[in-house]
Structure formats: structure tokens, C-alpha cells
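The values are calculated or read from the model by the stated rules, or taken from the named source; none is laboratory data. Worth saying up front: this structure is predicted, and the values here are computed from it rather than measured. Because the Cβ atoms are built from the backbone with ideal geometry, glycine has one as well, and the counts that use them run over all protein chains shown. Keep in mind that these areas ignore ligands, DNA and RNA; they rest on the heavy atoms of the full protein, side chains included. Shrake-Rupley method; radii C 1.70, N 1.55, O 1.52, S 1.80 Å.
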Amino acid sequence: MNHLVAPSVLAADFLHLGRDMEMLEKSATDWIHFDVMDGRFVPNISFGFPVLQAVKRVTTKPLDVHLMIEQPEQYLESFKNAGADRLTIHAEAVRHLDRTLNEIRRMGMAPGIALNPATPWESVRHVLPLIDTLLIMTVNPGFGGQSFITYTLDKIRTLRAWMDSKGLDVHIQVDGGIDLKTKALVLEAGADVLVSGSAVFSSKDPMAYIAALKEPG
Ligand code: DX5
Ligand code: ZN
């Protein structure tokens, strides 16, 4: 299976966001990853609707929105209207996960669940048929530029084996500390969507770096 690459806007240069989005548009980017933080679910605040709307105007790539916010169910329609194509919520942040996932689907977005490193994937196994993407956090959410947590590899591996045994077609997305080194580890474990922020945008040639992340293996 060919894997997908989703560079994270969090690491872009906000003074030159248009230039960076133009670069992503021309690159091997599959989805544009957009991290929303509320200062409550995670100890950081990032950006929200106006920035998402601005990005939407200049790209044809699917916008993959990762909500690191409490009570995400209150904002589904606003994210849809601002341009989200894919909407991923944290299982730890919502009380009625099944209902919220169904609402996301009904609004025409691809639903995803994100799990903190310490949350077992088994806790959401019953709702896997409802989603398009399971995002396994490979760092603690809240900040770019952190080091990859290696025990998450075991989680990815058991999840991939279980999904294959059930014939489930759900993306396994990894997010946090992904670069050309950790790429090999997570692909081998069974991930198929790579989010990468600082490794892409701090490289000398971000477009070439994205192409390298997209290379098989
Ligand atoms: C972290 C965010 C990530 C972040 C990844 O909470 O969910 O998407 O942008 O950044 P890097 O690739 O720098 O770890
Ligand atoms: Zn993210």
C-alpha cells in the first residue's frame, strides 16, 4: 500500500503562509495537516477558523484538521464551513464519541479519531468501522518539534495486525517526531499516513523533503 504524506501547517512560516502553501500545493503533499489547539485539552494555543479559511482559498489538497480541543462537538459545523475535508477529534476530549463521529460523517467530512500516546487503541475498537483515520499520537500533543516516543511502535503494530485480521480499511496516521529516520520505523510497524511538521519546514528544501517522505519504504 502506498503511504500518504501530510505536512503540518503548525511548522510553517506564518509571515509567509501564502508562499509555504504554494510550495505544498506543488509538492507531493497528499493532505495538509492543520493542528487546532485550545489551551485546555493541550497546554498550547495555535490557530483556528480564519487561518483555515485562508489556507482553503489557496489549495486544492484535502485539509486534514486535527482538533486538540475540549468539546469538539460544539464546533463541527464551523470547521466544515471553514473548509475542513477531514476532521479528527481526540477520543479523550469527547463524551459521546459515536454520536460525534456520525455527525462529522453526516456533514460530509471524513471522520477520524486521535489517541494520546497513553490511550490504548483497544478503547476505540468498536467504532473503527465508523472512521476513515485513526491518528496515533507519537508525541504528547500540544507542540511541534518533540522527540518520537518509541513505545508507540508496538501500538501501531498490534493495531495494524488487528485491522488486517478484521479486513478494516482505516488509515493509521502517525503524528509527532516524524522525519526520514522515524518514517522507516512507523511504516514498518504498519502506519500509512505520515504527518510531519518541523522536519519538513526546517529542512533546506521542504519540497524535496516531502518527496523523500513520500518515497516507498
Ligand atoms: C502536535 C501536532 C503535530 C505537530 C507535529 O501536537 O499534532 O501535528 O505539528 O510536529 P512535528 O512533526 O514537529 O513533531
Ligand atoms: Zn497533528
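Taking 0.36 nm per residue of separation and subtracting the Cα-Cα distance, what length does fully extending Gln71 through Leu180 add? Don't skip to the end; give the middle numbers.
On the way: separation 109, 0.36 × 109 = 39.24 nm, distance 3.43 nm.
Full extension of this stretch gives 35.8 nm more.
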Inset, instruction - Report, ordered by chain and residue number, the lysines lying within cross-link reach of Lys204, taken as a straight Cα distance under 19 Å and ignoring same-chain residues fewer than 8 apart. - result: Lys26, Lys181, Lys183, Lys214
Inset, instruction - Find how many whole Å separate the alpha carbon centroid of the stretch 87-124 from the alpha carbon centroid of the stretch 145-217. - result: 20 Å
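Using a Förster distance of 45 Å, how high is the FRET efficiency between Ala211 and Arg95, based on the Cβ-Cβ distance and rounded to 0.05?
On the way: r = 42 Å, r/R0 = 0.93.
Efficiency for this residue pair is about 0.60.
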Inset, instruction - Can you send over the solvent-accessible area of His16, 1.4 Å probe, protein chains only, in Å² to the nearest 10? - result: 80 Å²
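As a test of reading the structure, rank Asp85, Asp20, Asp205 by solvent-accessible area (1.4 Å probe, protein chains only), most first. Display every interim value, and only then the final one.
Values: Asp85 55, Asp20 15, Asp205 85 Å².
In descending accessible area the options line up as Asp205, Asp85, Asp20.
Roughly what % antiparallel, to the nearest 5, for the DSSP beta bridges in the chain?
Details: 1 of 33 bridges.
Antiparallel bridges make up about 5 percent of those DSSP assigns within the chain.
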Inset, instruction - With a 1.4 Å probe and every protein chain left in place, tell me how much accessible area Lys214 has, in Å² to the nearest 10. - result: 60 Å²
Legend entry - Leading residue at positive end of dipole, the chain (Cβ point charges), from Leu115, Leu63, Ser8: Leu63
Legend entry - Charge dipole magnitude, Cβ of K and R +1, D and E -1 - the chain, Cα centre, debye nearest 20: 120 debye
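For the stretch 106-217, what is the convex hull volume of the alpha-carbon atoms per residue, in Å³? Kindly include the intermediate steps, with their values, before the conclusion.
On the way: hull volume 13.2 nm³, N = 112.
Residue-normalised Cα hull volume stands at 117 Å³.
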Legend entry - Mean Cβ count within 10 Å, highest first, over the residues of peptides 4-12, 87-95: 4-12, 87-95
Legend entry - Solvent-accessible area per residue for the chain (1.4 angstrom probe, square angstrom): 45 Å²
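So, with a 1.4 angstrom probe, what is the percent of accessible area on the stretch 108-215 that is carbon and sulfur? Walk me through the numbers on the way to the answer.
Values: 2430 of 4490 Å².
Summing carbon and sulfur atoms, their accessible area is 54 percent of the total for the stretch 108-215.
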Inset, instruction - For the stretch 120-217, build the charge dipole from Cβ charges (+1 Lys, Arg; -1 Asp, Glu) around the Cα centre, then report which of Gln173, Thr150, Gly217 sits farthest towards its positive end. - result: Thr150
Inset, instruction - Would you work out what percent of the accessible area of the stretch 15-71, with all protein chains in place, is carbon or sulfur (probe 1.4 Å)? - result: 55 percent
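Enter the mean projected area of the convex hull around the alpha-carbon atoms of the stretch 4-53, in nm², rounded to one decimal.
Numbers: hull surface 15.8 nm².
So the Cα hull casts an average projection of 4.0 nm².
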